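Notes for the one structure printed next.
The values are calculated or read from the model by the stated rules, or taken from the named source; none is laboratory data. Computed from a prediction, not measured in an experiment: that's the story for all the values here. Positions of Cβ are backbone-derived with ideal geometry, glycine not excepted, and every protein chain shown enters the neighbour counts.
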Amino acid sequence: MSNSPVTMTITYVALGFLAFFIIITNLFVMFLIYNRRSLRTPTNLCLASLAASDFMAGSIAIPLIIMCNVSPLDGLRQAMDFSSRFISISTVIHLLIVTIERYIMICHGMKYNLWINTKRVVTVLVATWLFSAVATLIQLFWKLTQTEEQILKVDRIYDTVCLCCVVIIPLIIMAASYVRIFIALRYQLQQIQRYNNPTEKSNELRRRHVERKAAIIFGCMIITFTLCWFSYFIDGLNIFTYSFEVSLVLMFLRYVSPFINPLLYTFLKEDFKLAVKMSLCQRFREASTNSYLYQSHFAPSNSESAV
């Protein structure tokens, strides 16, 4: 395979389909959270914000990749890199926020309502978007004022700092947090087994299993981010040289994450699964009601049939 016109055309079409599915799945998540009051929890507000960030991958980043290859202008190339950088930083911070929220919920449940509320979560999410934007656009400070040689030198420092502070350190924190979460859940499940009341025991076991499943889902999202985006942060250090084929695979892999994330929590997270079922049932009932009203209104009466 090479970067022939046929190969590039197939690539653009595949990217277009990927962008379409990213947009649809993340819009669906945002619609569910907006439409269902039961989903407006602190955790799900973080997921809605993450969905908005992932939505940008399909609506902005991928179109810029296609435009940059069709018309390789410096401005487009820079915009493409900035959009990818923003999404990658935003994603890892959102995952870190969700991890910390889950950690407080499971390991410090008695203090959860004291520490976590909607206003604080919204404030943290706004700060996340601002930080992601500043951390991305700060590159303009030296790209517009320095020579080419100086830009390359500062870029390497910037990429190293991003790799360490935005990827490695948060991943270590998240890994340690989830180890602690699963240890706490295991201990709590052992304690629940001692309950004498069967109903209380059953309810608590179900609750802990739901929390454990949610932790597994978020853990899968972190693994997905690592597999999909880690090479992007490494690329800036110019340690490895990839062939065209490998670069193409890594590019697609990078944007698989914004598509997988909404699928993971929409079809596996219990509250989202219930909301999806309720939405589908509601749409089905509305369609059935409309069909019945239409038939009742337009169907001929008995007297008309007799005539």
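Of all residues in the range 98-131 being polar (S, T, N, Q) and modelled with pLDDT under 95, which is surrounded by the most Cβ atoms within 10 Å (Cβ to Cβ)?
The selected residue is Thr99.
If a residue has to be over 30 Å from Thr41 (Cα atoms), assigned to a helix (DSSP H, G or I) and among the hydrophobic types (A, V, I, L, M, F, W, C) to count, how many in the range 125-184 make the cut?
12
Might you let me know whether the range 203-219 holds any residue that is part of a helix (DSSP H, G or I), surrounded by 13 or more Cβ atoms within 10 Å (Cβ to Cβ), modelled with pLDDT under 80 and acidic (Asp, Glu)?
yes
Can you name the residue in the range 25-80 that is charged (D, E, K, R) and buried (at least 17 other Cβ atoms within 10 Å of the Cβ) and is also nearest to Phe252 (Cα to Cα) among such residues?
That would be Asp54.
Which residues, counting only those in the range 31-42, are out of contact with any helix residue (DSSP H, G or I) (no Cβ under 6 Å at 6 or more places or on another chain), in a helix (DSSP H, G or I) and of a type outside the set (Lys, Arg)?
Of everything in the range 31-42, those that are out of contact with any helix residue (DSSP H, G or I) (no Cβ under 6 Å at 6 or more places or on another chain), in a helix (DSSP H, G or I) and of a type outside the set (Lys, Arg) turn out to be Phe31, Tyr34, Asn35, Ser38.
Considering only the range 141-187, how many residues are within 26 Å of Glu211 (Cα to Cα), without any contact (Cβ under 8 Å) to a residue 24 or more places away in the chain and not hydrophobic (A, V, I, L, M, F, W, C)?
2
With the structure loaded, tell me whether Thr136 is within 27 Å of Ile216 (Cβ to Cβ) and either touching a residue at least 12 places away in the same chain (Cβ under 8 Å) or among the aliphatic types (A, V, I, L, M) (or both) or whether it fails that test.
no
Listed here are the residues, each with its yes/no results for (1) out of contact with any Ser or Thr (no Cβ under 8 Å at 6 or more places or on another chain); (2) among the hydroxyl-bearing types (Ser, Thr, Tyr); (3) closer than 30 Å to Val246 by Cα.
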site	(1), (2), (3)
Ala175	yes, no, yes
Arg194	yes, no, no
Thr199	yes, yes, no
Arg206	yes, no, no
Phe218	no, no, yes
Phe230	yes, no, yes
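Being polar (S, T, N, Q) and more than 20 Å from Thr224 (Cα to Cα) is the filter here; which residues of the range 68-113 pass it?
The answer is Asn69, Ser71, Gln78, Asn113.
Return the residues of the range 236-259 that are in a helix (DSSP H, G or I) and either of a type in the set (Ser, Thr, Tyr) or surrounded by fewer than 19 Cβ atoms within 10 Å (Cβ to Cβ) (or both); say none if nothing qualifies.
Listed by number, the residues that qualify are Phe244, Glu245, Val246, Ser247, Leu248, Val249, Leu250, Met251, Phe252, Leu253, Ser257.
For the range 54-68, indicate whether the set of residues that are closer than 22 Å to Ala14 by Cα and not in a helix (DSSP H, G or I) is non-empty.
no
Within the range 244-285, which residues are polar (S, T, N, Q) and over 24 Å from Ala57 (Cα atoms)?
If the condition is that a residue be polar (S, T, N, Q) and over 24 Å from Ala57 (Cα atoms), then Ser279, Gln282 are the ones that fit.
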